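Report on the structure given below.
The values are calculated or read from the model by the stated rules, or taken from the named source; none is laboratory data. No experiment lies behind these values; they were computed from the predicted model shown. For neighbour counting, all protein chains shown are included, and Cβ atoms are generated from backbone atoms with ideal geometry for every residue, glycine included. Only protein heavy atoms, including side chains, enter the accessible area calculation; ligands, DNA and RNA are left aside. Shrake-Rupley method; radii C 1.70, N 1.55, O 1.52, S 1.80 Å.
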Amino acid sequence: MKIAVAGTGYVGLVTGVCLAEHGYFVSCVDIDENKVKLMQSGISPIYEQGLEELMVSNMEKLNFTTNYKEAYRSADVIFIGVGTPEKQDGSADLSSVYSVALQIAQSIEKDCVVVIKSTVPIGTNDKIEKFIKTNLTNNVNVYVASNPEFLAQGTAVRDTLHSSRIVIGVEEEIAGNILTQVYKGFGAPILVTNRRSAEMIKYASNDFLALKISFVNEIANLCEIIGANIDDVTEGMGYDQRIGDKFLNSGIGYGGSCFPKDTKALHWLGNFHDYELKTIRATIDVNENQKVKLIKKSRKYFNNLSGLTVAILGLTFKPGTDDLREAPSLVNIPLMLEDGANIKAWDPVGVNNFKKIYPNEITYCDTIEDTLIDADICFIFTEWKEVKDFDISKYGKLMKTPVILDGRNCYDLKHVKKTNIIYDSIGRESISNLEFVNV
Ligand code: NAD
């Protein structure tokens, strides 16, 4: 079976590499020549744990190309994994999906299954099938199938090789059979349903996870006011198997390339059909507010950040990825710069991408220690392991004024209480072992 994958981002490249690991010959297509050149030389253009190694070890089964015609012409199955970013009005921008669909229609010379892995609004698979059929240049059969992706950045390779489930949305049995065959060796439960249900499963799953985060963040905010501890509260909740103990971490909100746009897209779709999803609206609103929670907290300690040295630990939207899309750092750092802060930042893998946005305005440091030296205040935006493992007593020794605002609850309050710092986190008591005057 010949497979092609359109798009070599977090979804496309991981899918292509994992299919090659399962023995398939895969042509990975991208329009970005630089990315393709990197991959041809055995370098992954994105950071995902284990991805580059797996790619290199399957190089003889992988072909990286910009020549879509060659890749699609004789493929039995073509996966589409291109981006579907958010438009100004919150709806999904499907232009890349349509452009691949046109390329497919004009290239294929044999019957094939076109599989939409990109997250697309309910009804898109139907439209894409019609669109391809209308634009076909050869007399072939095309079946469009929905196969939403559930991987999480940071654990993408593991999530794909050991997926929780494989959802296949089809209208014809033949497409379902071919895709079931493709995934036979993956060992995950396979759910075959119709295309609209498959599309909805993806949105409902992502939006439910986002809802869980916003719910916990609201509870955390109230915990702060009434003197409860969110870590204990969520631990107590998590013992109930109906609730589960995953995804109950409070913080400065969700980011990334999926939850923000997928909540807005589903909310938009509901409104379009005159049915407002009120829980999703609340999820979005709570998250917007949560992203700036640390800046608001900083006003307790400094009237503004003008002239202060601000240490930032973590730039990416979560640990394990170099992706900055919708990261809280990108909301907070412009506000700090506007305030006149001198920013020093550390991130183990996100710095190169951040430098593309802020090449000169920020001092990038190689170590956490260097970042903290002489800082007036420290903001923790990402719960990297290096931050969690960092000796909390060092903040007091390295910083000019050890005010630490932890947006990811990286430290145990028992340990914080033994140090000489000011420490404010999310949903827990703030600790002030220092005499400090608001300046
Ligand atoms: P991405 O932005 O990382 O990658 C998209 C790639 O597609 C880019 O390399 C781009 O150059 C390429 N591309 C654009 N037009 C093309 C064309 N005509 N032909 C070939 N390549 C083309 O995107 P991503 O994060 O991998 O997300 C892809 C889709 O999967 C989105 O719909 C997203 O919502 C969904 N998804 C993402 C994740 C995630 O964690 N990133 C998880 C599940 C689902």
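Evaluate 2.2 N^0.38 Å with N set to the residue count of the stretch 302-367, then give the Cα radius of gyration divided by it.
Working it through for the stretch 302-367, the quotient is 1.05.
Who wins for biggest fluctuation among GLN40, GLN241, GLN153 in a Gaussian network model of the chain, springs between alpha carbons below 10 Å?
Sorting by GNM fluctuation, first place goes to GLN241.
Looking at the square roots a ≥ b ≥ c of the eigenvalues of the Cα gyration tensor of the stretch 46-152, which shape do they give, rounded for a/c under 1.5, prolate if a/b is larger than b/c, or oblate?
Oblate is the answer for the stretch 46-152, as a/c is 1.5 or above yet b/c matches or exceeds a/b.
Compare PRO121, PRO359, PRO319 in a GNM of the chain, Cα atoms joined below 10 Å, and give the one with the largest fluctuation.
Ranking PRO121, PRO359, PRO319 by mean-square fluctuation puts PRO359 first.
At q = 0.15 Å⁻¹, what log₁₀ I(q)/I(0) does a Debye calculation on the Cα points of the stretch 293-432 give, no solvent, two decimals?
Taken in order of the listed q values, log10 I(q)/I(0) reads -0.66.
Who wins for biggest fluctuation among ILE128, ILE252, ILE312 in a Gaussian network model of the chain, springs between alpha carbons below 10 Å?
Highest fluctuation of the listed residues: ILE128.
Between HIS273 and ASN138, how many nm apart are label points set 7 Å from Cα along the C-beta direction?
Output for this residue pair reads 3.7 nm.
Taking every DSSP beta bridge that has both residues in the chain, what percent is antiparallel when rounded to the nearest 5?
That works out to approximately 10 percent antiparallel.
In what order, largest first, do ARG325, ARG195, ARG299 sit by accessible area if the probe radius is 1.4 Å?
The residues order as ARG325, ARG299, ARG195, largest area first.
Taking just the alpha-carbon atoms of the stretch 348-425, what radius of gyration and Dmax come out, in angstrom?
Considering the stretch 348-425 through its Cα atoms, Rg and Dmax are 12.9, 40 Å.
Probe of 1.4 angstrom, ligands and nucleic acids ignored: what's the accessible area per residue over the stretch 293-432, in square angstrom?
I get 40 Å² per residue for this part.
Once you have a ≥ b ≥ c as the square roots of the Cα gyration tensor eigenvalues for the stretch 2-193, tell me rounded if a/c is under 1.5, and otherwise prolate or oblate according to whether a/b is larger than b/c.
Here the stretch 2-193 falls in the rounded category.
If I take the Cα coordinates of the chain and project them onto the principal axes, what are the three extents in Å, biggest first?
Dimensions of the chain along the principal axes of its Cα atoms: 79, 47, 38 Å.
Based on the Cβ-Cβ distance from ASN229 to GLU33, what FRET efficiency comes out when R0 is 41 Å, to the nearest 0.05?
Using R0 = 41 Å, I get an efficiency of 0.20.
Report, in deg cm²/dmol and to the nearest 500, the calculated mean residue ellipticity at 222 nm for the chain, where each DSSP H run with n ≥ 4 adds -39500 (n - 2.57) and the sum is divided by the residue count.
After summing the helix terms and dividing by the residues of the chain, the value is -12500 deg cm²/dmol.
Check PHE79: other-chain or 5+ apart residues with amide H under 5 Å from its amide H, H built from backbone geometry?
ALA4, VAL5, ALA6, VAL115
Suppose a student asked you for the relative contact order of the stretch 73-147, using Cα pairs under 8 Å spaced at least 6 residues apart; what percent would you report?
Computed over the stretch 73-147, the figure is 37 percent.
Given a 1.4 Å probe and every protein chain left where it sits, what share in percent of the accessible area of the chain is carbon and sulfur?
Carbon-and-sulfur percentage of accessible area, whole number: 51.
Under a 1.4 Å probe, what is the accessible area of the stretch 202-290 per residue, stated in Å²?
Per residue, the stretch 202-290 has an accessible area of 53 Å².
Under a point spin-label approximation (7 Å from Cα along Cα-to-Cβ), what is the PHE186-SER306 distance to one decimal in nm?
5.6
Keeping all protein chains in place, calculate the accessible area per residue for the stretch 2-193 (probe 1.4 angstrom), answer in Å².
Per-residue accessible area for the stretch 2-193 comes out at 42 Å².
Using the alpha carbons of the stretch 344-387, what is the convex hull volume per residue in cubic angstrom, as a whole number?
Spread over its residues, the Cα hull of the stretch 344-387 gives 78 Å³ apiece.
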